[in-house]
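The values are calculated or read from the model by the stated rules, or taken from the named source; none is laboratory data. Values in this document were obtained by computation on a predicted structure and should not be read as measured data. FYI the Cβ positions are ideal-geometry reconstructions off the backbone, even for glycines, and counts take in every protein chain you see. Just the protein is used for accessible areas: all its heavy atoms, side chains included, with ligands, DNA and RNA removed. Shrake-Rupley method; radii C 1.70, N 1.55, O 1.52, S 1.80 Å.
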Amino acid sequence: HHIINFITKSSGINAEYGDFEATSVEDFEKIVVENNVFCLNSTFGTTSYGNLESVKKFDEVMKKHGVWHHIDACVGACALFSNKYRNLTSELATADSITVDCHKLLNITMQCSCVLVKEGKLLNECSTVTAPYLFHKYGNSVDHSQRSFQCGRKADGFKLWFCDAVDDLDKQATMVYDRAADFHKILAGDERFNHIYADSPTHICFRVRGKEEIDYERAVEGLRRRGLYIEYYIDFFRLVPVNESFGEEQLRGVLDEIYDVVMKEC
């Protein structure tokens with residue numbers, strides 16, 4: 001279930017309008033016109049499930065009415081760095097802006113985030129301030145900080161360049177997707193677990209069978225006593241493979257521990 005998130009001119013706040021997958025192009029245009037919408041935010045790789053949302057069917061309507069389309073690709077844009085999986089990101093090309101968190105699936109230390117826009121001059125228009133003590137007298141050609149929300153913190157961008165120079169980000173990004181595909185197969189074949197959101201290219205989500213109600217907080221505490229730090233989201237466990245040393249053998253061991261803790265302690 002995915003929600004359309006709009007920002008409207010009249011209210012200046014976010015508004016939600018139902019499940020976009022069930023929304024027709026005609027209904028979408030009606031929402032845009034009646035609510036004076038100027039921005040639509042979609043998600044490419046949701047934090048909770050890793051789903052890749054698509055609003056491609058609304059592209060023409062957004063162009064027609066000048067709606068700015070921002071894609072939160074903080075998780076899913078990892079595929080941009082993978083030659084094998086870059087095809088998954090084709091819809092990013094239609095966006096007016098996207099955000100990418102390289103400190104997530106690419107395993108780069110925090111903070112390492114990017115905002116990319118089609119029209120580069122907009123960064124100057126949005127970020128430039130008058131502060132003579134911060135900038136050069138020679139103009140914007142040497143003041144890269146005037147194109148960044150973070151002003152002089154150019155080291156964050158340098159970190160991404162440096163990691164790509166000394167490491168193989170293509171290898172890391174491809175590993176995430178390859179390993180997630182392998183882990184999905186393992187979960188699908190393990191009768192102890194209910195494999196959910198199986199179409200997620202990055203997230204492994206599952207519940208334990210045989211228990212109607214599980215105290216997930218208690219389960220996580222039990223796992224931590226055994227030296228395992230596992231994440232859960234409301235009512236299911238979640239794994240995202242970002243460490244290349246965590247393979248099938250390690251996954252099977254973790255699944256054994258999760259099942260044992262849930263059945264004995266929850």
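Scanning the range 230-266 for residues that are over 20 Å from I186 (Cβ atoms) and either assigned to a loop (DSSP other than H, G, I, E, B) or at pLDDT 90 or above (or both) yields I234, D235, K264, C266. Applying a threshold of 8 Å to beta carbon distances and a minimum spacing of six or more residues, or different chains, the list of pairs starting in the range 162-182 at a residue that is farther than 15 Å from G50 by Cα and ending at one that is polar (S, T, N, Q) and exposed (fewer than 14 other Cβ atoms within 10 Å of the Cβ) reads D170/N83; T174/N83.
Identify, from the list G227, G222, G210, the residue that is modelled with pLDDT under 95, more than 23 Å from D178 (Cα to Cα), of a type outside the set (D, E, K, R) and touching an Asp or Glu at 6+ places or on another chain (Cβ under 7 Å).
Working: G227 fails: touching an Asp or Glu at 6+ places or on another chain (Cβ under 7 Å); G210 fails: touching an Asp or Glu at 6+ places or on another chain (Cβ under 7 Å).
The conditions single out G222.
Could you please find all residues in the range 81-120 being of a type in the set (D, E, K, R) and either out of contact with any Ser or Thr (no Cβ under 8 Å at 6 or more places or on another chain) or within 13 Å of Q172 (Cβ to Cβ) (or both)?
Result: K84, R86, D96, K104, E119.
Here the strands (runs of 3 or more DSSP E) wholly within the range 14-83 that include at least 3 residues being surrounded by 13 or more Cβ atoms within 10 Å (Cβ to Cβ) and modelled with pLDDT of 85 or more are 37-43, 68-72.
Quick one: which residue in E191, E217 is part of a loop (DSSP other than H, G, I, E, B) and open to solvent by 80 Å² or more (accessible area, probe 1.4 Å)?
Working: E217 fails: part of a loop (DSSP other than H, G, I, E, B).
Result: E191 is the single residue among E191, E217 that is part of a loop (DSSP other than H, G, I, E, B) and open to solvent by 80 Å² or more (accessible area, probe 1.4 Å).
Only a single criterion out of (1) surrounded by fewer than 17 Cβ atoms within 10 Å (Cβ to Cβ); (2) at positive phi is not satisfied by Y197, namely (1).
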